[in-house]
1. Being of a type in the set (A, V, I, L, M), over 16 Å from ARG52 (Cα atoms), modelled with pLDDT under 85 and assigned to a helix (DSSP H, G or I): is that true of ALA94 here?
2. For the subset of the range 110-124 comprising residues that are surrounded by 15 or more Cβ atoms within 10 Å (Cβ to Cβ) and without any contact (Cβ under 8 Å) to a residue 40 or more places away in the chain, which member is farthest from ALA54 (Cα to Cα)?
3. On the basis of being assigned by TED's automatic domain parsing to the domain that holds ALA126, in a helix (DSSP H, G or I), modelled with pLDDT under 80 and of a type outside the set (A, V, I, L, M, F, W, C), does GLY89 make the cut?
4. With respect to VAL28, is the statement that it is at pLDDT below 85, over 17 Å from TRP117 (Cβ atoms) and exposed (fewer than 11 other Cβ atoms within 10 Å of the Cβ) true?
5. Considering only residues of the range 54-72 that are farther than 17 Å from VAL97 by Cβ, of a type outside the set (S, T, N, Q) and without any contact (Cβ under 8 Å) to a residue 24 or more places away in the chain, which is surrounded by the most Cβ atoms within 10 Å (Cβ to Cβ)?
Amino acid sequence: MAWWWQTLIGAGVALLVVWLALLIALLVARPDRANLKEALRLLPDLLRLLRRLAADQQLPRGVRIRIGALLAYLAFPFDLIPDFIPVLGYADDAIIVTAVLRSTVRRAGVDAVRRHWPGTDEGFAALSRLTGLTGLGG
């Protein structure tokens, strides 16, 4: 067998192993339905928050990079787990958004997020719960 076939097969197997590891991680970290519903209710405020954080030139560049990477992932037509798989098909996007949001909030700082938060105090408290930031002032 030619070396390039071996390389191609090796890369395919590596991608399959990484995909399976992500699938297992999503199965373990699967959020409950209450958290997913709460996240969906916050979606309009979250989108405005991300836009405001991305426009704030005083925040570190890493914040804008994270937001840009998240938007690119969400715009990409393929998911890590296809949407036809019950619960996990849509949960992968919610988990990735939550992880990026948590990273963004930690990098930007809770004060900056609170300053840019367009919603209610209850919404901010829900955001803090969803991203696990309750101990950081949420």
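1. Details: of a type in the set (A, V, I, L, M): yes; over 16 Å from ARG52 (Cα atoms): yes; modelled with pLDDT under 85: yes; assigned to a helix (DSSP H, G or I): yes.
Yes: the conditions hold for ALA94.
2. Kept after step one, since they are surrounded by 15 or more Cβ atoms within 10 Å (Cβ to Cβ), are these residues of the range 110-124: 110, 112-114, 116-117, 119, 123-124.
Retained after the next criterion (residues that are without any contact (Cβ under 8 Å) to a residue 40 or more places away in the chain): 110, 114, 124.
Working: VAL110: 15, ARG114: 14, PHE124: 18 Å.
Of everything passing the filter in the range 110-124, PHE124 is farthest from ALA54 (Cα to Cα).
3. Working: assigned by TED's automatic domain parsing to the domain that holds ALA126: yes; in a helix (DSSP H, G or I): yes; modelled with pLDDT under 80: yes; of a type outside the set (A, V, I, L, M, F, W, C): yes.
Spelling it out, GLY89 is indeed assigned by TED's automatic domain parsing to the domain that holds ALA126, in a helix (DSSP H, G or I), modelled with pLDDT under 80 and of a type outside the set (A, V, I, L, M, F, W, C).
4. On the way: at pLDDT below 85: yes; over 17 Å from TRP117 (Cβ atoms): yes; exposed (fewer than 11 other Cβ atoms within 10 Å of the Cβ): yes.
Spelling it out, VAL28 is indeed at pLDDT below 85, over 17 Å from TRP117 (Cβ atoms) and exposed (fewer than 11 other Cβ atoms within 10 Å of the Cβ).
5. Filtering first and then ranking leaves ALA55.
The values are calculated or read from the model by the stated rules, or taken from the named source; none is laboratory data. Here the structure is a predicted model, which is why all the values come from computation and not from measurement. Positions of Cβ are generated from backbone atoms using ideal geometry, with glycine treated the same way; all protein chains shown enter the neighbour counts.
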